[in-house]
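The values are calculated or read from the model by the stated rules, or taken from the named source; none is laboratory data. Note that this is a predicted model, so its numbers are computed, not measured. Cβ: placed from backbone, ideal geometry, glycine included. Neighbour counts: every protein chain shown. Please note that ligands, DNA and RNA were not included when accessible areas were found on the heavy atoms of the full protein model with its side chains. Shrake-Rupley method; radii C 1.70, N 1.55, O 1.52, S 1.80 Å.
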Amino acid sequence: MICNLSDQVMHYGMLFGFSLLDIFLRCRFFKKMLGAKYRNTCLWYYLGCLFYGQLNARFTLAGTSWGNLIYLCGCAFVLNMLLFHGNAVKTGFFTLWMYCAPEIAYGILFPLFGGLAVINGQTGCSDAALRIIELAACLTLYLMMELLQRNLHVLKQDFQDQDAIYLMCIIIFICTAVDVMMNLFGGIGDFTPDNVLQIAIPCSLTALGGEILSIYCVIMLEHRVVERLAKQQYQMLERHLETSREQYCQLMKIRHDMKNHGLCLAQLLADGKAEEAGRYLEQLNLPAEPGEALIQTGSVFADALLNPKCLHARKLGIHLSVQITVPCEEQIAPADLCCVLSNAFDNAVEACVREIEAGRPAGWIRASSLMQQHYWVFEISNSVSAPVAWKDGIPLSSKRTALYGVGLQNIRTVAERYGGVLDLKSKEDFTLSLMLPLTSKKNPPAS
C-alpha cells in the first residue's frame, strides 16, 4: 500500500515537473518571438493554460482529437494575444505551429510502434509505448522551437501577414493529411504481422515528409527575408556612394577655383600690387561650400555618416535643425551609434520625401541630443501631414513591402542591447526618443 502510494506520488510529481518545464519552454519561445507585455509572464501563462485545461477536463469541451486541437489552439491564441506583442495573424501562426508540430511528430512514430506491436502479437501500442511517443513528440517540438529561436530570429519582426497565412495553410494541410493517415491506420486490429508494415511505413513517411516540408518552408521564408534586408542595405550603400561622388566633385571644383585664385593673387603680388591683392581678397569672400561639414558631433564616425545625409536633405529642400553630441567609443560602439543615427535620419528623410512626392512642402527635421549624467538622450522629429499608420507598435514603412519598420527594429535592437528605452510618438509630428545608459567600460561589440 505504501509502495503504491509512493509510486503515485512520484508519478504525479514527474507529471507536474514536466508540465512546468513544458509551460516554461513554450512561454520562453513566445517571449523571444513576439515579446512579453508584462512581468512574470511565465506565471500568468501557466495559470492561463491551467485554467482552460481544467475547463476541458471537467466539462469535456473537446472530446475528439481534432476538437481537442481546435480547442487548445483557440484558447492558447487568446492567451497569447493577451500576454505577448504581435498582431493576430503572427500570433495565430506561432500558436498553430506550436500545437500542430507535435501532432505531426506523433503521426510519424505511432504507426511504427503500432506495427511493431502487431508483429509481436499485440493488438496495439501499450501505455508505455504511447508515453514514449508523446514524449518524443514533445522533444521534437522543443527542438524545432530552438531552431526558430536561434537560426530564424529574423522572423520575429520582418515577415508579412501574407507569409504567415501561407505557412498556416501549409501546416493545416500537413496536419490534415497526417490525420487521414492516422484514421487509415486506426483499423490496426485488422492487420496481420505480414502486411502491417506495408501500411505503417507509408503512413510514417507521409508524416515525416510533412514535418520536413514545414521546416523547409520556414527556412525558405527566412532566406527570403534575409534577401530583402540585403537588398535594402545595398540600396543604402548605393545612396551613400552617390553622395560621396557628389562631395568629391564639389571638392574638385573648390580645388580648381582655389588654384585660379592663388594664381591671380600671386601675379598681383609679383607685380607689386599689394593693395589690389588685398581688395581682391576682400571681394573674394569665399562662401561655405556645400561639401563643407555641416554637422560636428564629436565623433568622426557620426560626422562621416550624418553630413552626407544632411547635405542630401538640404538639396531636397528639407529644413534641418541638428544639434547633436554623441558618446565616446568607450561608452557606445561606433557600429551601434551609426545604426541609430543612420536609421533615424533615413526614416525622417523618407517621411519628408513622401510629402514632396505628394506635392506638399518638403517639411522639416529636428534632431538633438544631450549627455545627462550616465545617460545619452537622443530625439529626432519630422513633420507629417497625415496620420501615421502603425503595425505591431511600429510605424508602417511607405514602401509597403515585407520590411515593415526594419530601421526602427534595428534601433530597438540597439536599445535592448544597452538596456535603454525607445519611445515613438505621432501627433502633429513624428518623434523618436531614445535613452541609453552609458558606462565607463567599453560595451560589447554590436552583433
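Arrange the peptides 102-109, 311-318 so that the one whose residues have, on average, the most other Cβ atoms within 10 Å appears first.
Details: 102-109: 22.6, 311-318: 16.4.
Taking the mean over residues of other Cβ atoms within 10 Å, the ranking is 102-109, 311-318.
Mind listing the long-range amide H neighbours of Gly420? Cut-off is under 5 Å, sequence gap 5 or more, other chains count too, H placed in the peptide plane at 1.01 Å from N. Excluding prolines and chain starts, which carry no amide H, there are no hits. With both labels modelled 7 Å from their Cα along Cα-to-Cβ, the Asn87 to Leu47 distance reads 3.1 nm. Counting only protein heavy atoms and a probe of 1.4 Å, the accessible surface of the stretch 1-144 is 69% carbon and sulfur. A Förster distance of 22 Å, applied to the separation of the beta-carbon atoms of Arg255 and Gln296, puts the FRET efficiency at 0.50. Amide H to amide H, with H built 1.01 Å from N, Tyr375 comes under 5 Å of Leu438, counting only residues 5 or more places away or on other chains.
In sequence order, the stretch 102-116 has phi-based couplings of x, 5, 5, 4, 4, x, 6, 8, 4, x, 5, 5, x, x, 5 Hz under the Karplus curve 6.51 cos²θ - 1.76 cosθ + 1.60, θ = phi - 60°, and Gly or Pro positions carry x. Simple spin-label estimate for Leu130 and Asn56 gives 1.6 nm between the two label positions (7 Å along the Cα-to-Cβ direction from each Cα). With bins 10 Å wide beginning at 0, the percent of Cα pairs of the stretch 8-63 falling in each bin runs 21, 40, 32, 6.
Which trypsin sites (Lys or Arg not before Pro) from the stretch 39-105 combine a DSSP loop assignment with at most 13 other Cβ atoms within 10 Å? The partial results should precede the final answer.
Details: sites: Arg39, Arg58, Lys90; in loops: Arg39.
The qualifying sites are Arg39.
Phi-derived couplings, Karplus 6.51 cos²θ - 1.76 cosθ + 1.60 at θ = phi - 60°, listed residue by residue for the stretch 411-423: 5, 4, 4, 5, 4, 5, 5, 9, x, x, 10, 10, 10 Hz, with x used for Gly and Pro.
Expressed in nm to one decimal, what extension gain is obtained for the pair Asn40 and Gln283 from 0.36 nm per residue of sequence separation less their Cα-Cα distance? Provide the component values of the computation, followed by the final result.
Working: separation 243, 0.36 × 243 = 87.48 nm, distance 7.22 nm.
80.3 nm is the gain from fully extending Asn40 to Gln283.
Modelled spin labels at Trp364 and Arg28, positioned 7 Å past Cα toward Cβ, are 5.1 nm from each other.
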